[in-house]
1. For the condition surrounded by fewer than 21 Cβ atoms within 10 Å (Cβ to Cβ), in a helix (DSSP H, G or I) and either in contact with a helix residue (DSSP H, G or I) (Cβ under 7 Å, 6 or more places away or on another chain) or modelled with pLDDT of 90 or more (or both), what is the one hit in 179, 239, 222, 173?
2. Just to verify a result, which residue in the range 8-26, among those that are assigned to a helix (DSSP H, G or I) and without any contact (Cβ under 8 Å) to a residue 40 or more places away in the chain, is farthest from the chain's Cα centre (by Cα)?
3. So for the range 244-265 (the condition being on the phi > 0 side of the Ramachandran plot and either in a helix (DSSP H, G or I) or modelled with pLDDT under 90 (or both)), does at least one residue qualify?
4. Where in the range 289-376 are there helices (runs of 4 or more DSSP H), lying wholly inside it, with at least 1 residues that are crowded, with 22+ Cβ neighbours inside 10 Å and modelled with pLDDT of 75 or more?
5. Quick one: in the range 252-279, of everything that is surrounded by 15 or more Cβ atoms within 10 Å (Cβ to Cβ) and out of contact with any helix residue (DSSP H, G or I) (no Cβ under 7 Å at 6 or more places or on another chain), which residue is farthest from residue 121 (Cα to Cα)?
6. Just checking, does the range 189-200 include any residue being in contact (Cβ under 8 Å) with a residue 24 or more places away in the chain and over 14 Å from residue 312 (Cα atoms)?
């Protein structure tokens, strides 16, 4: 009788990719440790406020107080370095899960670039006292929960809880996510940009009808108090039209600007150029990776893309500037990378360049059965 051990094949490409990611993770830890010395003050304001509230030295609105109370309950209010490390480590764990759930025989460099950027952004935005740290568990749940109605309900519950306690517009994200899951069961992902635009317009009209206010009022009210501040990535109105048309058009144009942030390119400076380039890179790579997929072909991609685009649509109404949009998107980047890898893996499987892991096929078939999308 022959007894043998199966040894996983690790290609030079995999080794190089792992090296790039692990080195970036280590660099991120260094950035977390030295953040007060190397980052400009604009990256520190919210974290300083939350830390002061957690130590009982300041007061603010309920959302900041709720975040600070969680840090205090966890014993992290007076241990800032530990709090920073926990927040960053949680983001790294989500990134590792994205790598594991992609499960394709070869991962593309576009996905690796998104992951490495996500690591560094996590060090800046999540390796600190932050509301956005508590979005990371939602991303983790999206990656680990099995495909099915009950797991989607659990995911929605997490989003509603986050929206209720920390950031109210996540209640809108949850509703848009539910609609997009319904849409992606019936239409191919290539139609997502149009559906996102329709969602932005629909939400804008709903704001005008239900609240009797301009759909652009949320962003305008925040930016009105920042006139004296140097916010180079501020999102200003594109047009000045009568309501409700003005609010709808401005939010739809903001939706496209959050995908292709051309206005930021004209602000001048490497920082603004880098923000614009990276945001455009994320959405272009994601769309190119998933546009070829058939209806219900990969339910995990549907979940990851649905949640990412739901946040994008909601941001078109609420985000005051492109920098904040990128910060709030950072916890979702593991989902983007997972969708990119799985989508590109399926594409190259069809073209015959290299195969997709059979476990992915089994997952897709199981998901299709639970969604009622079996092709048999």
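The values are calculated or read from the model by the stated rules, or taken from the named source; none is laboratory data. For clarity, every value in this text was computed on a predicted model and none was experimentally measured. Positions of Cβ are backbone-derived with ideal geometry, glycine not excepted, and every protein chain shown enters the neighbour counts.
1. So the residue among 179, 239, 222, 173 that is surrounded by fewer than 21 Cβ atoms within 10 Å (Cβ to Cβ), in a helix (DSSP H, G or I) and either in contact with a helix residue (DSSP H, G or I) (Cβ under 7 Å, 6 or more places away or on another chain) or modelled with pLDDT of 90 or more (or both) is 179.
2. Looking at residues that are assigned to a helix (DSSP H, G or I) and without any contact (Cβ under 8 Å) to a residue 40 or more places away in the chain, I get 12.
3. So in the range 244-265, the residues on the phi > 0 side of the Ramachandran plot come out as none.
No, the range 244-265 has no match at all.
4. Because the criterion is at least 1 residues that are crowded, with 22+ Cβ neighbours inside 10 Å and modelled with pLDDT of 75 or more, the helices (runs of 4 or more DSSP H) in the range 289-376 that meet it are 299-318, 322-329, 333-351.
5. At the first step, the residues of the range 252-279 found to be surrounded by 15 or more Cβ atoms within 10 Å (Cβ to Cβ) are 252-259, 261, 263-264, 267, 272, 275-276, 278-279.
Now narrow it down to the ones that are out of contact with any helix residue (DSSP H, G or I) (no Cβ under 7 Å at 6 or more places or on another chain): 253, 256, 267.
On the way: 253: 26, 256: 22, 267: 21 Å.
Result: 253.
6. There is at least one residue in the range 189-200 that is in contact (Cβ under 8 Å) with a residue 24 or more places away in the chain and over 14 Å from residue 312 (Cα atoms).
Matching residues to (1) within 21 Å of residue 258 (Cα to Cα); (2) touching a residue at least 40 places away in the same chain (Cβ under 8 Å); (3) in contact with a strand residue (DSSP E or B) (Cβ under 9 Å, 6 or more places away or on another chain):
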| position | (1), (2), (3) |
| --- | --- |
| 129 | no, yes, no |
| 132 | yes, yes, no |
| 159 | no, no, no |
| 173 | yes, yes, no |
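For every residue, the table says whether it meets (1) surrounded by fewer than 21 Cβ atoms within 10 Å (Cβ to Cβ); (2) within 18 Å of residue 340 (Cα to Cα); (3) in contact (Cβ under 8 Å) with a residue 60 or more places away in the chain.
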{"site": "63", "(1), (2), (3)": "yes, no, yes"}
{"site": "81", "(1), (2), (3)": "yes, no, no"}
{"site": "87", "(1), (2), (3)": "no, no, no"}
{"site": "95", "(1), (2), (3)": "no, yes, yes"}
{"site": "119", "(1), (2), (3)": "no, yes, yes"}
